[in-house]
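J.: Below: one structure in structure tokens.
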Amino acid sequence: MWLVYTLATTFLWGLAELFYKKGAVERERYSHLKICVMVGLVMGLHAVFTLITGDFAYDFKNLIAYLPVSACYILSMAFSFFGMRFIEESISDPIENTSGALCSLLCVIILKEAISLPAWIAIAIVAVGVVGIGYLENSGDRLRQKRLGKKLAVIAFCMPFLYAFIDAVGCVLDIYFLEMETSPLIGVTEDSIELVANVSYELTFAIVGLVMFIFMKIKGEKFGGLIKQKDKALAAVCETAGQLTYVYAMSGNGAIAAPILSSVCVVSLLLSRIFLKEKLTKKQYAFIAIIIIGILMLAVIEGE
């Protein structure tokens, strides 16, 4: 069953990226905040369901204890949602998926972990792809700069890179928080530590979503009903459902599941091409392929 859950997670997260992009409307000023609200709502409901049905103890002090990790993940997603308003999903998603390579580098720098030579090669391949995409963006087609203005175009293009870095920091912190010997989480066991961490993250996202909703109300922004925000709602549902199946996917054969899950950016690329009709240049596709190859290599190496 772990393979079914792995494939389901890959598809759900790829589908979530598609709906995130559809919900991140360029002309809608607060569309990225509205996505945060919808994700917070769905995650909050899932957290409450987990607390009611789960056979584990939860201390609400863990909301504060796990806050550094939650803040990294939520902030990175907020940057991603903003960037999606202006950047093609075919470009932003592969860049965002380099967070795994950055996490490996940060583990070497901060946690003093060793990386094998093949892993360094994979990271180098990812770096070549990212530099290539950046070069093409800044020296090739200037249509985005003409449409948005140079300043906003540069800010928007920085968003997936900010996501990758901040998400990588969150992953490094997670390594520390999910180790029983070092974790500052309260009242956890080997069986419950991941559930407690996930509930803390989801409840924090729900609180952030509520704050964003109040902020928009103060600004006089009309949120609209679920029908109007259906793409944002569907993205939130797919994201949360993917988190649920991810737990079962990794509990089976993680060494094989990890490389499959890393192909989310491939699924996202295909869905963007089919449903969003995104078209890139051959050079852009070539560098994106290089990034994806590096990501998959790193996932396979790390899973061994």
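The values are calculated or read from the model by the stated rules, or taken from the named source; none is laboratory data. Since this is a predicted model, take the numbers as computed values, not measurements. Glycine gets a Cβ as well: all are built from the backbone with ideal geometry, and neighbour counts include every protein chain shown. The protein model used for the area step is the full one, side chains on, heavy atoms only, and it has no ligands, DNA or RNA in it. Shrake-Rupley method; radii C 1.70, N 1.55, O 1.52, S 1.80 Å.
J.: Please specify each residue of segment 151-167 satisfying the condition of being charged (D, E, K, R) and under 14 Å from A78 (Cβ atoms).
T.: Of everything in segment 151-167, just one residue is charged (D, E, K, R) and under 14 Å from A78 (Cβ atoms), namely D167.
J.: Filter segment 284-302 down to the residues that are within 20 Å of the chain's Cα centre (by Cα) and over 22 Å from V131 (Cα atoms), then identify the one that is modelled with the lowest pLDDT.
T.: It comes out as E302.
J.: Quickly run through segment 62-89 and pick out the residues that are open to solvent by 10 Å² or more (accessible area, probe 1.4 Å), within 20 Å of S272 (Cβ to Cβ) and either among the basic types (K, R) or part of a helix (DSSP H, G or I) (or both).
T.: M77, F79, F82, R85
J.: Here is a follow-up. Is it fair to say L173 is touching a Pro at 6+ places or on another chain (Cβ under 7 Å) and of a type outside the set (F, W, Y)?
T.: It is true that L173 is touching a Pro at 6+ places or on another chain (Cβ under 7 Å) and of a type outside the set (F, W, Y).
J.: Is it true that V39 is under 30 Å from L148 (Cα atoms) and modelled with pLDDT of 95 or more?
T.: Yes.
J.: I want to confirm something. Restricting to segment 1-45 and keeping residues that are in a helix (DSSP H, G or I) and among the β-branched types (V, I, T), which single residue is nearest to C265 (Cα to Cα)?
T.: T10
J.: For segment 261-283, name all the residues that are within 23 Å of A16 (Cβ to Cβ), over 19 Å from the mean Cα position of the chain (by Cα), of a type outside the set (F, W, Y) and modelled with pLDDT of 85 or more.
T.: R273, I274, L276, K277, E278
J.: If you take the residues in segment 27-44 that are more than 19 Å from the chain's Cα centre (by Cα) and touching a residue at least 60 places away in the same chain (Cβ under 8 Å), which one is least open to solvent (accessible area, probe 1.4 Å)?
T.: Ranking the qualifying residues of segment 27-44, first place goes to Y30.
J.: Tell me, which residue of segment 46-61 that is touching a residue at least 60 places away in the same chain (Cβ under 8 Å) and either of a type in the set (D, E) or not in a loop (DSSP other than H, G, I, E, B) (or both) is farthest from A241 (Cα to Cα)?
T.: Ranking the qualifying residues of segment 46-61, first place goes to D59.
J.: For the structure I just gave you, tell me whether I64 is closer than 22 Å to F213 by Cα and free of Cβ contacts under 8 Å to residues at least 12 places away in the same chain.
T.: Considered against the rule, which asks whether it is closer than 22 Å to F213 by Cα and free of Cβ contacts under 8 Å to residues at least 12 places away in the same chain, I64 comes out as yes.
J.: Just checking, how many residues over segment 152-189 are charged (D, E, K, R) and assigned to a helix (DSSP H, G or I)?
T.: 2
J.: With respect to E181, determine if the residue is open to solvent by 70 Å² or more (accessible area, probe 1.4 Å) and among the acidic types (D, E).
T.: Taking the combined requirement at face value, the residue satisfies it.
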